[in-house]
Amino acid sequence: MLPSIPLTLLLASLPTASARDLPPNLQSFYTTLLSQKSCTNPLRSGFYSSDSGPNTFSYCGDHLSSSGIIYIRGQGRGKLANMDVDCDGVQNGPGSEDGRCSVGASPDYQNTTAFQDVIASYNIPGVTDLNTYVHPYVVFGNEIASRDSRIDGIQLFDPRDHGVEPLSVMAVVCDGGKKLVYGVWGDTNGSENGTKAMVGEASLALATACGGKEMSGRNGIDDEDVLYLAFTGQEAVPGREGARWDAAGFEEFERSVEELGERLVSRIKVDEGAAAGMVRVSWGLMMVVLVVGYLGVSGI
């Protein structure tokens with residue numbers, strides 16, 4: 001007879017969830033994007049996903065009017081974006097003792113995020129800015145604050161011009177489409193060494209949910225299969241009361257925006273033609289399995 005194990009100990013031994021499965025409409029949307037080669041309605045192009053790669057990445061508005069979303073993708077099938085780790089913002093808050101995003105661990109650390117003034121305006125005790133260890137924020141949009149001559153010709157993009165609001169909830173699909181993480185639009189991209197406009201970056205908290213504890217200011221996700229989804233409209237903004245900005249850790253904050261994230265994801269419309277094609281493929285595969293099984297049983 002097996003020894004009985006208290007339920008509380010059994011539950012405590014289970015790994016804590018840091019991401020969730022994709023709902024069917026988002027899974028279909030993600031699969032369809034991977035099968036396509038490029039945007040049909042690029043809002044702005046000419047960005048880099050990696051320092052050594054091509055500047056063939058775009059902010060896509062293909063589904064801006066139908067679903068109110070903007071996302072990043074590159075040229076070629078399967079090309080979305082990678083995930084570098086952004087260490088900007090608060091450095092001495094919860095979780096920072098492991099040093100994965102210390103000032104020395106991040107080559108381009110900034111002590112504030114793009115919307116620090118909005119966070120400060122919430123007047124939440126102890127919360128002066130986003131914390132890369134706690135808040136799953138996405139770096140989205142490209143801006144340059146200086147007039148350095150090196151930045152001539154650098155591509156710029158402001159999501160606000162298309163209806164995306166600061167600190168609005170975003171959805172991130174990662175780990176090859178196996179995980180869905182909710183976060184917020186919390187920072188913008190500058191230029192890499194003054195010469196390149198980059199895309200594909202998120203806080204340490206978000207990167208850890210996608211890629212594990214090996215993520216750090218110098219180590220992100222190289223695979224360009226990460227989907228960053230920004231949602232338009234004021235309804236995507238949780239505001240002061242709609243999120244736990246003073247959360248003690250990533251999971252507490254992410255849970256606080258989960259309900260809003262699910263509502264936003266539900267408005268993504270599935271391409272009926274693509275969905276029908278997937279159904280036809282699934283039925284075809286099922287028929288093959290049935291026939292093979294029949295032949296095996298019959299000994300033919």
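Backbone geometry of region 200-205 corresponds, through the Karplus equation with coefficients 6.51, -1.76 and 1.60 at θ = phi - 60°, to 3J(HN,Hα) couplings of x, 7, 8, 5, 4, 4 Hz, x marking Gly and Pro.
Simple spin-label estimate for residue 262 and residue 234 gives 2.6 nm between the two label positions (7 Å along the Cα-to-Cβ direction from each Cα). Using a simple spin-label model with pseudo-atoms 7 Å out from Cα toward Cβ, residue 214 and residue 160 lie 3.9 nm apart. Under 24 Å of direct C-alpha separation, and excluding same-chain neighbours fewer than eight residues apart, residue 79 reaches these lysines: 37, 178, 179, 196, 269.
Amide H contacts for residue 60 (H built 1.01 Å from N in the peptide plane; partners 5 or more residues away or on another chain; cut-off under 5 Å): 43, 71, 72, 73. A Förster distance of 30 Å, applied to the separation of the beta-carbon atoms of residue 255 and residue 195, puts the FRET efficiency at 0.15.
The amide H of residue 188, built 1.01 Å from its N in the peptide plane, has 114, 140 as neighbours under 5 Å, considering only residues 5 or more places off or on other chains.
Remark: 246, 62 ranked as 246, 62, counting other beta-carbon atoms within 10 Å and listing the fewest first.
In plain terms, the residue of 70, 268, 124 with the fewest other Cβ atoms within 10 Å comes first and the most crowded comes last, giving 124, 268, 70. When 43, 260, 130 are arranged by Cβ crowding within 10 Å, least crowded first, meaning fewest neighbours, the order is 43, 260, 130.
Throughout, read-outs are computed from the coordinates displayed, never taken from laboratory work. Please read these numbers as outputs of a predicted model, since none were measured by experiment. Glycine also receives a Cβ, built like all others from the backbone with ideal geometry; neighbour counts cover every protein chain displayed.
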